[in-house]
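The values are calculated or read from the model by the stated rules, or taken from the named source; none is laboratory data. Keep in mind that this is a model prediction, so the values were computed, not measured. Cβ sites come from the backbone with ideal geometry, for glycine too, and all protein chains shown count toward neighbours. Protein only, heavy atoms only, side chains kept; ligands, DNA and RNA dropped before computing areas. Shrake-Rupley method; radii C 1.70, N 1.55, O 1.52, S 1.80 Å.
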Amino acid sequence: MYVCIFFSILAFSTCGSYSGMFRMSVECKNQTDSDLSISVEFEYPFRLHQVYFDAPTCKGRNTERVFLIGDYSSSAEFFVTIGVFAFLYSTAALSIYIFFFNKYKENNKGPLVDLGVTGVFAFMWLVSSAAWAKGLSDVKSATDPDQVITLINACEAEENHCREVHDPVMSGLNTSVAFGFINLVLWTGNLWFVFKETGIIAPFMQAPPPEGKPAGLDAYGQQGSYEQDPYASNQGGYQPDYSQQGYNQVITHILINKLF
């Protein structure tokens, strides 16, 4: 759960705190009308249709106001919202695990609720990360200086030269998408651990009872151990008698033989 908290923070912070800038130059045929450093700044939540800059018209000192194209706030805000709520839930769940674990396991309600919420967050990370990955692709296209230059009317004239000076740095936003999919993997894997806490799988994890001997085998063995062979007394041959009476008879027989 510590890992989920950490990567949730990384995901929403790298996206929600982003601000970028790119720069272009418009060189007019009349050099005095040129603007060689047009800076355009944009930031989260990427409502680019509200971002504008002033570009020269190459007709005297006049300028025109140019707006960027696109509103990508929905996917960005959705991604950040999921990250914030995932962070809050992870923090609350960790507190319960540490301080109220007995209550958590009581009646098995805690693990079942935890399993459901964890499954919802795993699915939300999938949706939000995929949506933000698509939104980021559109943001990159809308803030590409080569694409923005086509919005400037002065750049349509062949005698004027327009070019990009500085591209926006998107490494932070690329990292936010990566963190989103890492969170998807973490929350999906966390489903297994929460599922084990529910005890649903416990009956299937028990070892099978050992295989017993045939029912008649022990009875036969016991009978054979304790019962005397009925035919043993009928066997022929000399059966010595080791009782006291038999011993006296033997001694008497030997004495008679010695005397006679």
(request) Scan the helices (runs of 4 or more DSSP H) fully inside region 69-163 and keep the ones with 2 or more residues being under 15 Å from Leu184 (Cβ atoms). (result) 73-99, 109-142
(request) Output the residue which, of all residues in region 8-17 that are part of a helix (DSSP H, G or I) and not aromatic (Phe, Trp, Tyr), is surrounded by the most Cβ atoms within 10 Å (Cβ to Cβ). (result) Ala11
(request) Being without any contact (Cβ under 8 Å) to a residue 60 or more places away in the chain and either of a type in the set (Lys, Arg) or assigned to a loop (DSSP other than H, G, I, E, B) (or both) is the filter here, so list the residues in region 18-36 that pass it. (result) Asn30, Ser34
(message) Given the condition closer than 26 Å to Phe42 by Cα and of a type outside the set (Phe, Trp, Tyr), answer yes or no: does some residue in region 83-95 qualify?
(response) yes
(request) Among the residues of region 116-129, count how many are within 15 Å of Val80 (Cβ to Cβ) and open to solvent by 40 Å² or more (accessible area, probe 1.4 Å). (result) 2
(message) Taking the criterion of being hydrophobic (A, V, I, L, M, F, W, C) and open to solvent by 70 Å² or more (accessible area, probe 1.4 Å), would at least one residue in region 166-176 satisfy it?
(response) yes
(request) Quick one: in region 47-66, of everything that is closer than 17 Å to Ser141 by Cβ and touching a residue at least 40 places away in the same chain (Cβ under 8 Å), which residue is surrounded by the fewest Cβ atoms within 10 Å (Cβ to Cβ)? (result) Val66
(request) Return the only residue of Phe85, Phe99, Phe22 being within 29 Å of Val139 (Cβ to Cβ) and open to solvent by 40 Å² or more (accessible area, probe 1.4 Å). (result) Phe85
